[in-house]
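Engineer: Submitted below is the structure of interest, expressed as structure tokens.
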Amino acid sequence: MSAAVVRAALSPAAFVDRDGTLIEEVDYLTRVEDMRVLPGVAAALARLGRAGYLRVLVSNQSGVARGMLDEERLAQIHAELLRRLRADGGDLELVLYCPHLPGAPVKAYDRACECRKPAPGMLLEAARRLPIDLPRSIAFGDSLRDVEAAERAGARGVLVRTGKGEAEFALARAAGRAITAHADLAAAVRAELG
Ligand SMILES: [Mg+2]
Ligand SMILES: [Zn+2]
């Protein structure tokens, strides 16, 4: 099989950040009751799915390393997030998170890992698990770390101005950095898909 044929069998991914992008930014979400899905998010994920994107959540969750919640609690939060997204027509093909933090109090997670964004590890892991074409993939996030992780994985990153995005966009502009930013995930998906 030629390389071109292999490439054609691959799909682009939409890598989506969680906090400040899919759900309201709160300092270390530890209780499912505090989770608020942002407006238009489920419909935007549905549209990405119809357009052939594999939808992958990639989320830094250092609250685990900080001892604020365990992975079981985190799994409950993600199950509830999926339930709410699906109830509104959205979905995710894969959920990945990084529980690590160098110097963290929970020793099992005290690690300088390859997955904590801006490192590209989660995006590369997704591309090992799913038939993803990284050069055609887009990451959506409210942090410059999300954009950097995308670029380091060979994909493209766009900033959403929800969550920490407005402040992050101001930082990027002050540094003279060219960066694409949209009001929220729905606007970003409209801009990307036309
Ligand atoms: Mg975020
Ligand atoms: Zn990690």
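Engineer: Can you compute 3J(HN,Hα) from phi for each residue in the stretch 76-93, using the Karplus curve 6.51 cos²θ - 1.76 cosθ + 1.60 with θ = phi - 60°, rounded to whole Hz and x for Gly and Pro?
Structural biologist: 5, 4, 5, 5, 5, 4, 4, 4, 5, 4, 5, 4, 10, x, x, 6, 9, 7
Engineer: Quote the FRET efficiency, to the nearest 0.05, computed for SER11 versus GLU166 with a Förster distance R0 of 45 Å and r equal to the Cβ-Cβ distance.
Structural biologist: My answer for the efficiency is 0.90.
Engineer: Moving on. Given the alpha-carbon gyration tensor of the stretch 13-193, what are the semi-axes of its equivalent ellipsoid in whole angstrom, ordered largest first, with each equal to the square root of 5 times an eigenvalue?
Structural biologist: Values: eigenvalues 102, 75, 56 Å².
Its equivalent ellipsoid spans semi-axes of 23, 19, 17 Å.
Engineer: Just for the stretch 13-193, what percent of DSSP beta bridges are antiparallel, to the closest 5?
Structural biologist: So the antiparallel bridges in the stretch 13-193 amount to around 5 percent.
Engineer: Continuing with this model, one more query. How do VAL58, VAL95 line up, fewest other C-beta atoms within 10 Å first?
Structural biologist: The order, fewest Cβ neighbours first, is VAL95, VAL58.
Engineer: Apply 1/(1 + (r/R0)^6) to the Cβ-Cβ distance of GLU151 and ARG129, taking R0 = 22 Å, and write down the FRET efficiency to the nearest 0.05.
Structural biologist: 0.60
Engineer: To continue, here is another question. Between ALA112 and ARG86, what's the calculated FRET efficiency when r is the beta-carbon distance and R0 is 25 Å? Round to 0.05.
Structural biologist: Computed FRET efficiency for ALA112 and ARG86: 0.10.
Engineer: Dimensions of the stretch 35-114 along principal axes (Cα, Å, largest first)?
Structural biologist: Taking the Cα atoms of the stretch 35-114, the three principal extents are 42, 24, 18 Å.
Engineer: Could you give me D for the stretch 149-194, from Stokes-Einstein at 20 °C and 1.002 mPa s, where the hydrodynamic radius is the Kirkwood radius over C-alpha pairs? Units µm² s⁻¹, please. Please list the in-between numbers first.
Structural biologist: Details: Rh = 11.1 Å.
Diffusion coefficient, whole number: 192 µm²/s.
Engineer: If I stretch the segment between ALA187 and ASP34 completely, what's the gain in nm (0.36 nm per residue apart, minus their alpha carbon distance), one decimal? Intermediate results must be reported in sequence, preceding the final value.
Structural biologist: Details: separation 153, 0.36 × 153 = 55.08 nm, distance 2.46 nm.
Length gained, ALA187 through ASP34: 52.6 nm.
Engineer: If I take every Cα pair under 8 Å that is 6 or more residues apart in the stretch 100-147, average their sequence separation and divide by the length, what percent do I get for the relative contact order?
Structural biologist: Relative contact order of the stretch 100-147: 23 percent.
Engineer: Per the Kirkwood definition applied to all pairs of different Cα atoms, how many angstroms is the hydrodynamic radius of the stretch 103-194?
Structural biologist: Kirkwood radius, the stretch 103-194: 14.1 Å.
Engineer: Could you order the peptides 164-173, 121-130 from most to least packed, using the average number of other C-beta atoms within 10 Å per residue?
Structural biologist: 121-130, 164-173
Engineer: Order of ARG86, ARG111 from fewest to most other C-beta atoms within 10 Å? Don't skip to the end; give the middle numbers.
Structural biologist: Working: ARG86 14, ARG111 17.
By the 10 Å Cβ count, ascending, the order reads ARG86, ARG111.
The numbers here are math on the coordinates, done by the rules we state, and not lab data. What you see is a predicted model, and the numbers here were worked out from it, not measured in a lab. So basically every Cβ, Gly included, is an ideal-geometry build from the backbone, and we count neighbours across all protein chains shown.
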